[in-house]
Amino acid sequence: MYIGIPRETAPGETRVAVTPETVKKLKGQGHQLLVQSGAGVGAAAPDAAYAAVGAEIVDAKAAFGCDLVLKVRSPAVEELQLMKRGATLVGMLNPFNREGLERLAAAGITAFALEAAPRTTRAQSMDVLSSQANIAGYKAVIIAADRYQKFFPMLMTAAGTVKAARVVILGVGVAGLQAIATAKRLGAVIEASDVRPSVKEQVESLGAKFIDVPYETAEEKEAAEGVGGYARPMPESWLARQRAEVAKRVALADVVVSTALIPGRPAPKLISAEMVQSMKPGSVIVDLAAANGGNCALTVPEQTVLQHGVTIVGETNLPALVAADASALYARNMLDFLKLICPKDTIAVNVPLDDDIVAACLMTQNGQLTRTPG
């Protein structure tokens with residue numbers, strides 16, 4: 001089968017869907033790889049690296065003209081016009097973007113959104129949300145350390161002792177846990193908050209203190225358990241108590257990393273303007289939820305702003321700032337998913353709807369949406 005890997009054109013997107021490592025493996029399965037010239041440059045994978053493992057370097061028209069096209073982001077309108085009806089597209093296509101999915105359906109594309117894979121043990125190796133969130137959590141702390149004009153670790157010097165930075169992590173999913181681990185390696189004192197009681201043990205195992213807000217009703221406890229690995233919206237009674245507790249910690253923090261997201265919903269506002277104003281001058285907030293409106297009321301997506309003496313980073317695509325490793329992990333996720341729809345030596349894409357992972361990721365087929373976005 002001919003597989004096309006176009007260059008990503010979304011602003012700031014430096015990742016690539018297939019790396020030389022996975023090209024070699026796909027070639028071993030009997031496929032022909034057509035990589036658009038420059039597709040991997042932003043991820044430290046030049047054309048020569050692809051050619052060395054047997055890929056053919058082509059232009060955009062040839063890459064998009066394949067029966068199977070692999071991408072990081074959904075194709076732009078002008079790119080979609082280069083694809084042929086009946087082709088298959090695999091990438092992070094945003095399952096909540098109805099307009100984008102309808103555009104793919106109208107073009108006759110069979111589209112698989114990798115973000116929609118179920119969060120099950122079997123699907124772990126294909127979990128692009130986790131692989132990319134892991135990188136985002138790491139990079140958020142590195143950015144914070146760069147912006148914060150003091151040391152992270154405690155240092156004892158001839159000129160006196162420097163106190164360790166106080167870091168607060170809001171949201172303890174994959175990104176939050178990696179942020180804790182990274183901040184710990186840098187020597188910070190860390191506190192973390194999450195609505196799910198089950199993460200307390202994980203937080204403490206990484207050396208952070210869990211900001212505990214007790215549950216007063218059965219409704220609060222049930223909501224806190226979450227669904228499918230994600231938090232659910234909490235009752236206002238609990239949120240009010242959490243805000244008060246978190247506000248105390250934020251006021252004392254040097255760095256806040258917020259990671260709270262519920263797929264398909266606006267990001268919950270965890271840091272009010274008043275909380276920002278209460279922070280010390282020179283403090284830093286890195287808002288990983290900026291793309292969904294931000295956890296901080298003063299976040300400006302795609303910008304770094306200074307408010308009340310606090311630096312607020314609203315970067316919306318942190319994995320693209322670590323493009324080589326982000327692409328390597330994403331490409332391995334992609335490779336494992338492809339094993340389900342195009343086994344070795346196959347000459348056409350299969351769509352086994354009895355496979356729960358394939359069925360969950362299938363967004364469009366035969367000119368129709370296969371599921372309601374959202």
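Values in this text are rule-based calculations from the coordinates and carry no lab data. Remember, predicted model here, so these are calculated numbers, not experimental data. Positions of Cβ are backbone-derived with ideal geometry, glycine not excepted, and every protein chain shown enters the neighbour counts.
What residue, among those in segment 330-359 that are of a type in the set (A, V, I, L, M, F, W, C) and over 13 Å from Leu114 (Cα atoms), is farthest from the chain's Cα centre (by Cα)? My answer is Ile347.
For segment 258-303, enumerate the residues that are of a type in the set (Val, Ile, Thr) and within 15 Å of the chain's Cα centre (by Cα). Across segment 258-303, the qualifying residues are Thr259, Ile262, Val286. In segment 190-200, the qualifying residues are those that are more than 21 Å from the chain's Cα centre (by Cα) and crowded, with 20+ Cβ neighbours inside 10 Å, and the one that is nearest to Arg166 (Cα to Cα) is Ile190. Can you confirm whether Ala52 is of a type in the set (A, V, I, L, M, F, W, C) and either closer than 30 Å to Ile262 by Cα or surrounded by 22 or more Cβ atoms within 10 Å (Cβ to Cβ) (or both)? No.
Does Val141 meet the test of being outside any strand (DSSP E or B) and either among the aliphatic types (A, V, I, L, M) or exposed (fewer than 15 other Cβ atoms within 10 Å of the Cβ) (or both)? Against the criterion (outside any strand (DSSP E or B) and either among the aliphatic types (A, V, I, L, M) or exposed (fewer than 15 other Cβ atoms within 10 Å of the Cβ) (or both)), Val141 qualifies. Answer yes if at least one residue in segment 320-340 is outside any helix (DSSP H, G or I) and crowded, with 16+ Cβ neighbours inside 10 Å, and no otherwise. There is no residue in segment 320-340 that is outside any helix (DSSP H, G or I) and crowded, with 16+ Cβ neighbours inside 10 Å. Among the residues making up segment 158-177, those that are among the aliphatic types (A, V, I, L, M), assigned to a strand (DSSP E or B) and touching a helix residue (DSSP H, G or I) at 6+ places or on another chain (Cβ under 8 Å) are Val167, Val168, Ile169, Leu170.
Just one of (1) in contact (Cβ under 8 Å) with a residue 60 or more places away in the chain; (2) within 16 Å of Ala136 (Cα to Cα) fails for Lys150. It is (2). Within segment 316-328, not a single residue is on the phi < 0 side of the Ramachandran plot and touching a Leu at 6+ places or on another chain (Cβ under 6 Å). Against the numbered list (1) crowded, with 22+ Cβ neighbours inside 10 Å; (2) under 30 Å from Ala188 (Cβ atoms), Arg147 comes up short only at (1). Which of the residues that make up segment 28-49 are surrounded by 16 or more Cβ atoms within 10 Å (Cβ to Cβ) and among the β-branched types (Val, Ile, Thr)? Correct list: Val35 only. Taken residue by residue, segment 156-166 has no member that is closer than 30 Å to Leu362 by Cβ and of a type in the set (Lys, Arg). A search for C-beta distances below 8 Å between a residue of segment 276-289 that is touching a residue at least 40 places away in the same chain (Cβ under 8 Å) and within 11 Å of Val256 (Cα to Cα) and any residue that is surrounded by 13 or more Cβ atoms within 10 Å (Cβ to Cβ) and of a type in the set (Asp, Glu), counting only pairs 6+ apart in sequence or on different chains, returns Ser283/Asp254; Val284/Asp254; Val286/Glu315. Listed by position, the strands (runs of 3 or more DSSP E) enclosed by segment 68-138 that each have at least 1 residues that are surrounded by 20 or more Cβ atoms within 10 Å (Cβ to Cβ) and among the hydroxyl-bearing types (Ser, Thr, Tyr) are 88-92, 110-113.
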